[in-house]
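Accompanying notes for the structure given below.
The values are calculated or read from the model by the stated rules, or taken from the named source; none is laboratory data. Note that the coordinates shown come from a computational prediction; the quantities given were computed from them, not determined experimentally. No Cβ is skipped: glycine too gets one built from the backbone with ideal geometry, and neighbour counts run over all protein chains shown.
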Amino acid sequence: MKYKTLHIAFLFCLLTALGWSQNPNIKDSLPTVKLLSRVQENKILLRWAIDDALAWQKMNANGFVLEKYLFSINGERLPQPKQLWSKTIKADPLETWQDIVTENDYAAIIAQAIYGESFQVDGSQGELADIVNLSQEIEQRFSFALLAADMNFEAATKAGWGFTDKTVKQNEHYVYKIKSALPQAQLNIKSSAVIAGLKDYEPLPAPIDLQGIYGDKNVILTWEYELFKSIYTSYNLERSEDNRTFKALSTEPLVNLNDKPNAPAKRMYYIDSLAQNNKTYYYRVNGISAFGEYGTYSDTISGQGHPNLTFSPSIYDFKFTNNPNEAQIIWKFPKEGEVSIKKFQLNRADKDSGPYTVVVDSIPVTQREFTYSNLESSNYFTITAVGKAPNQQRTSFSTLIQPVDSIPPAIPIELQGKIDSLGIVRFSWKQNEEKDILGYRVFRGFTEKEEPSQRTVSPIVANRFIDTVEIKNLNSKVYYQVVAVDKRFNHSKKSAVLVLEKPDVIPPTAPVFSNYKLKKGHVRLTWINSSEANATHILSRKNMSDNTAWQEIYKVTDTIQTFTDSQVEANKKYRYTIKAIDKSGLESLPSAPLTIKVVNLSPPKLIKDISFTVYRADNYIELFWRAEDTNIAEYTVYKQINDKDPSTWRIVPVNIKRLVDDAVNPNQVYTYHIRATLKNGKFTQVKKVVIKF
């Protein structure tokens, strides 16, 4: 027997994504022999294939080595698998293929792919197509051969790509290893192995979720594909007219043409033509594995084809009656179409996109108008012609009907709420009583006189709102208003303002001693109050010479920023500190302690002068100063903006006498106060400079 050429139908070109030949997801860096097993009741079937076309071509001449090892007995794994046999398996000689190829097209494809002098695929004609076919001949041989092997296990075995092991025992498990018979020096091919035993036998499953969509003398059949794609390579679909005698719809197994590596198919589809409508047809399907086994049949489904509805109704007019919220709806439908339908349905929705609800059912087929008495503020209507066949209907385009309404809803009242310590705002109001209320818009502001901004993208249905605000900022209150909106988008006026106070979780800033004087044996202290409004300031003193406890000597709740301590003794050292307490009881950190020795009450003037340079183009101020720094430990720099209170800006070591402030804005007046702390804890006089930026 001699093969010259084999012409293969163009349909198979679309099938090469099946099987093992063209799946990039299983492609390795080296050619690999992939091995599958299928356990039957008294034997084990094995199928293998290589995933590279050039390697496949070389392996056809050299074959494979299949090894069998005893892995376990009665569930007990052997310490070392025991080799039972090793077989070299090649394709049968060409002259032995005569009988099988005359009976089986798939065997003919495999024989031609392995032994044929050429391999041509019909479907494309012309000089360019011939060039493409010749350039891709090896890939075509490889792809079609593996596809055909998937369709016929007997042919795959004859090609040296399958084996049936009948020397198996019920209580044993085996390891089967497949590898290349080609020396590794010629071509490095990775091997594969599987574990199998007779106890692993399971019957092939039945396909599930078989469904039919019936039309005019046709039906679209579909069933689950993704779940069983590792079990079945193709399917057999059958039809019956009496639910007893079934016949296959195709002489060849059905494969999924839509399953691609980058877009895997989830379902299988098949379109069948029906000889006539209104007659019941029955369908069932079973799968075919890569070993040629036919699985269990699915559940049988049935249905009938039915003629399509030719005409669609259309609403072309409506008229308001003298009654409120009532309109007469008028539609068109051809008289000759009445024989195909059994009723009309009137559908209504609040929006054009739906969802639509049937508000009037079973309208006679001869009727063309209906008076509807329950109009809302906005109504979208469609009319549906319902056919006599199941799930057969035609629906008109929608028509909007809106009764006149220009009256806005009532202003929301009884707003109440609170802000918790995390900044979550919860407030509510009394629900409006209008039937056509659409929802509410919520507005928020952070100052009493600002124009509030809207917090809701669209009207909300609930009469409550949850918001979040930043607790740790300078705004102590938040202002809310609510507007009611009806379904015609009439807006009420804004509600009364709901003022909510933020919980006080930020302690006040610490007050700062700014100066002191010794006069007539008394210590006169001056400080800069905390920036917290209405804070209470507490001044404390400790006698360092006698090492007494801290003593509260002065407490003030107004804006006083000075105190004269007359309870001091000469030649003794005292330390002072001051702190602020806000109305919530939160305390600031104590100020930097001020230590004074009554012996010499005049602080030294060690800071000689302060100079500065203003860089308006680059938006910063550079400060530098001179000082007698022999006894100075560090400098404290305070910053004051316009008429606001100064606050500590920098504390720097004695070797730094230059600072840059880039947190400045145009048209502002900045005052910098510099005070030095001596190594003995004393302070120098404060030096300041005023800069208009």
**Prompt:** Where in the range 605-671 are there strands (runs of 3 or more DSSP E), lying wholly inside it, with at least 2 residues that are touching a residue at least 60 places away in the same chain (Cβ under 8 Å) and not assigned by TED's automatic domain parsing to the domain that holds A592?
**Reply:** 607-615, 620-627, 647-653
**Prompt:** If T577 passes every condition in (1) in a strand (DSSP E or B); (2) β-branched (V, I, T); (3) in the same structural domain as V654 (by TED's automatic domain parsing) but one, which one does it miss?
**Reply:** (3)
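Can you go through V175, V168 and tell me which one is surrounded by 14 or more Cβ atoms within 10 Å (Cβ to Cβ) and in a loop (DSSP other than H, G, I, E, B)?
On the way: V175 fails: in a loop (DSSP other than H, G, I, E, B).
After ruling out the rest, the residue left standing is V168.
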**Prompt:** Quick check: anything in the range 280-290 assigned to a loop (DSSP other than H, G, I, E, B) and not aliphatic (A, V, I, L, M)?
**Reply:** no
**Request:** Could you list all residues from the range 193-206 that are exposed (fewer than 15 other Cβ atoms within 10 Å of the Cβ) and not aliphatic (A, V, I, L, M)?
**Result:** K199, D200, E202, P203
**Prompt:** Looking at this structure, is S545 touching a residue at least 60 places away in the same chain (Cβ under 8 Å) and not aliphatic (A, V, I, L, M)?
**Reply:** no
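Within the range 330-351, is there a residue that is crowded, with 18+ Cβ neighbours inside 10 Å, over 30 Å from Y282 (Cα atoms) and over 45 Å from the mean Cα position of the chain (by Cα)? Walk me through how you get there before you give the answer.
Restricting attention to the range 330-351, the residues satisfying the condition of being crowded, with 18+ Cβ neighbours inside 10 Å are 331, 333, 340-341, 344-348.
Cutting the leftovers down to over 30 Å from Y282 (Cα atoms) gives us 331, 333, 344-348.
Then keep just the ones that are over 45 Å from the mean Cα position of the chain (by Cα); that gives 331, 333.
So far as the range 330-351 goes, yes, one or more of its residues are crowded, with 18+ Cβ neighbours inside 10 Å, over 30 Å from Y282 (Cα atoms) and over 45 Å from the mean Cα position of the chain (by Cα).
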**Request:** Working only within the range 121-153, note down all residues that are modelled with pLDDT under 75, within 22 Å of M59 (Cα to Cα) and not hydroxyl-bearing (S, T, Y).
**Result:** L134
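In this structure, is R441 of a type in the set (D, E, K, R), touching a residue at least 24 places away in the same chain (Cβ under 8 Å) and assigned to a strand (DSSP E or B)? Quick ask: steps written out before the conclusion?
Working: of a type in the set (D, E, K, R): yes; touching a residue at least 24 places away in the same chain (Cβ under 8 Å): yes; assigned to a strand (DSSP E or B): yes.
Yes; evaluated as a whole, the condition is true for this residue.
Looking at the range 302-357, what strands (runs of 3 or more DSSP E) fall wholly within it and have at least 3 residues that are under 15 Å from K388 (Cβ atoms) and outside the structural domain of R244 (by TED's automatic domain parsing)?
Working: elements: 314-320, 327-332, 341-349.
Result: 341-349.
Quick grid of which residues meet (1) at pLDDT 90 or above; (2) of a type in the set (A, V, I, L, M); (3) not in a strand (DSSP E or B):
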residue	(1), (2), (3)
A510	yes, yes, yes
L518	no, yes, no
L525	yes, yes, no
A533	no, yes, yes
D558	no, no, yes
**Message:** Just to be sure I understand the filter: pairs with C-beta atoms under 7 Å, separated by 6 or more residues or on different chains, first member in the range 246-260 and assigned to a loop (DSSP other than H, G, I, E, B), second member of a type in the set (G, A, S). Which pairs pass?
**Reply:** P253/S234; V255/S234; N256/A265; N258/A265; D259/A17; D259/A265
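Is it the case that I114 is within 52 Å of the chain's Cα centre (by Cα), β-branched (V, I, T) and assigned to a helix (DSSP H, G or I)? Spell out how you get there, then give the answer.
Working: within 52 Å of the chain's Cα centre (by Cα): yes; β-branched (V, I, T): yes; assigned to a helix (DSSP H, G or I): yes.
It is true that I114 is within 52 Å of the chain's Cα centre (by Cα), β-branched (V, I, T) and assigned to a helix (DSSP H, G or I).
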**Message:** Go through (1) more than 30 Å from E117 (Cβ to Cβ); (2) crowded, with 16+ Cβ neighbours inside 10 Å; (3) in the same structural domain as S86 (by TED's automatic domain parsing) for L146 and report which single condition fails.
**Reply:** (1)
**Complete:** Per the list (1) surrounded by fewer than 19 Cβ atoms within 10 Å (Cβ to Cβ); (2) closer than 26 Å to N104 by Cα, residue check on F291 breaks on (1)
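Counting just the residues of the range 56-72 that are among the hydrophobic types (A, V, I, L, M, F, W, C) and assigned to a helix (DSSP H, G or I), which one comes out modelled with the lowest pLDDT? Even if it seems obvious, please write down each step before you answer.
The first filter runs over the range 56-72 and keeps only residues among the hydrophobic types (A, V, I, L, M, F, W, C), leaving 56, 59, 61, 64-66, 70-71.
Within this subset, residues satisfying the condition of being assigned to a helix (DSSP H, G or I) are 56, 59, 61.
On the way: W56: 91, M59: 88, A61: 85.
In this case the residue turns out to be A61.
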